[in-house]
Amino acid sequence: MVERKRTTQSEGAAHLTIKRWLRGCSIGEEGCAALISALRSNPSHLRELDLSWNKPGDSGVNLISALLEDPHCKLQKLCVSSCRITQKGCAALISALRSNPSHLRELNLSNTPGDSGVKLLSALLEDPHCKLEKLQLRGCIIGEEGCAALISALRSNPSHLRELDLSYNKPGDSGVNLISALLEDPHCKLQKLLVSSCGITQKGCAALISALRSNPSHLRELDLSGNKPGDSGVKLLYALLEDPHCKLEKLQ
């Protein structure tokens, strides 16, 4: 599906913002090659590209990477969730994003990178030119090691991130402690945090809620579903909700 939205620039001239949504279209290497070839011939207007639930293969991912490296590419949103991207393809993709990071605002790599891919992603997040506001890494089999690399990178460049989805991963209590340290950072402006089904125990939940209480004013949405906070964790959550600085609008 292609959506063309007419917007007005500050100079008063109109331009077209193009969105390509091709989720679950059974696109293989051949179709991906044709698509990216066309986009490379006219890349400057494209702002959103969603190729989730397809099978581009490593050769297709290499072509997507070439598009991202193009200095004329102004892509702000990229979704390649569940594309069966290998470690090699993930490395090519992130390398390309690092070469042209300043425009990207939203990245969805769900069901993709694993710890090795997240370590590569961390280098992108540490880049001072990276202005990423929304990061989705659902079901990426991220363990404590990958979580440590990710949060370390986010802490070095935290001010732009607004949404973080780490649901269905395995950060462990040590990983949750690192997430808590990010939330305590006064430069952290996170508005949406999703950590559903992350195996968070009462101890991890206590660390998380304590961090949120120390910097509560920005968070608007919190998803702790599928974890085990227990009664003690819920009591700590109540204390957060009672804080007059807490602006939470959605709680799962």
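The values are calculated or read from the model by the stated rules, or taken from the named source; none is laboratory data. In this text, all values refer to a predicted model and were calculated from it rather than measured experimentally. Here the Cβ is made from the backbone with ideal geometry for all residues, glycine too, and neighbour counts use every protein chain on show. We work out accessible area using only protein heavy atoms, side chains counted, and drop any ligands, DNA or RNA first. Shrake-Rupley method; radii C 1.70, N 1.55, O 1.52, S 1.80 Å.
Separation of segment 116-144 from segment 22-76 is 20 Å, based on Cα centroids. With Kirkwood radius over Cα pairs in Å in mind, check [x] 19.0; [y] 20.3; [z] 22.3 and report the label derived from this structure. Recomputing Kirkwood radius over Cα pairs in Å here gives the entry labelled [x]. A straight chain from residue 228 to residue 141 at 0.36 nm per residue would run longer than the Cα-Cα distance by 29.4 nm.
Antiparallel DSSP bridges in the chain: what percent, to the nearest 5?
Details: 7 of 31 bridges.
If we restrict to bridges inside the chain, about 25 percent are antiparallel.
Residues whose amide H falls under 5 Å from that of residue 169, counting only those 5 or more places apart or on a different chain, are 139, with hydrogens built in the peptide plane.
Each residue was assigned an accessible area with a 1.4 Å probe, and for residue 94 the value is about 0 Å². Dipole magnitude for the chain: computed about the Cα centre from +1 point charges on Lys and Arg Cβ and -1 point charges on Asp and Glu Cβ, it is near 540 debye. Relative to the Cα centre, the charge distribution of segment 160-220, modelled as +1 at Lys and Arg Cβ and -1 at Asp and Glu Cβ, gives a dipole magnitude of about 140 debye. Ligands, DNA and RNA aside, residue 55 has an accessible area near 120 Å² when probed at 1.4 Å. Rounded to the nearest 20 debye, the dipole size of segment 108-152 about its Cα centre is 200 debye, using +1 on the Cβ of Lys and Arg and -1 on the Cβ of Asp and Glu. Only helices enter the 222 nm calculation for the chain: every DSSP H run of n ≥ 4 contributes -39,500 (n - 2.57), and dividing by all residues gives -13000 deg cm²/dmol, rounded to 500.
3J(HN,Hα) along segment 139-153: x, 9, 6, 7, x, 4, 5, x, 5, 4, 5, 5, 5, 4, 5 Hz, from the Karplus curve 6.51 cos²θ - 1.76 cosθ + 1.60 with θ = phi - 60°, whole Hz, x for Gly and Pro. Pairs spanning more than 19 Å between alpha-carbon atoms, out of 170/247; 134/203; 131/192; 170/228; 189/250; 131/189: 170/247; 134/203. Accessible area per residue (1.4 Å probe, heavy atoms of protein chains only) ranks 225, 37 as 37, 225, with the largest value leading. Under 5 Å from the amide H of residue 53 lie the amide H atoms of 24, 81, 82, 83, each residue being 5 or more positions distant or on a separate chain, with H modelled from the backbone and absent for Pro and chain starts. Extension gain for residue 159 to residue 84 (0.36 nm times residue separation, less C-alpha to C-alpha distance): 23.9 nm.
Ranking 245, 156, 214 by Cα position along the charge dipole of the chain, where only Lys, Arg, Asp and Glu carry charges on their C-beta atoms, puts 245 farthest toward the positive end.
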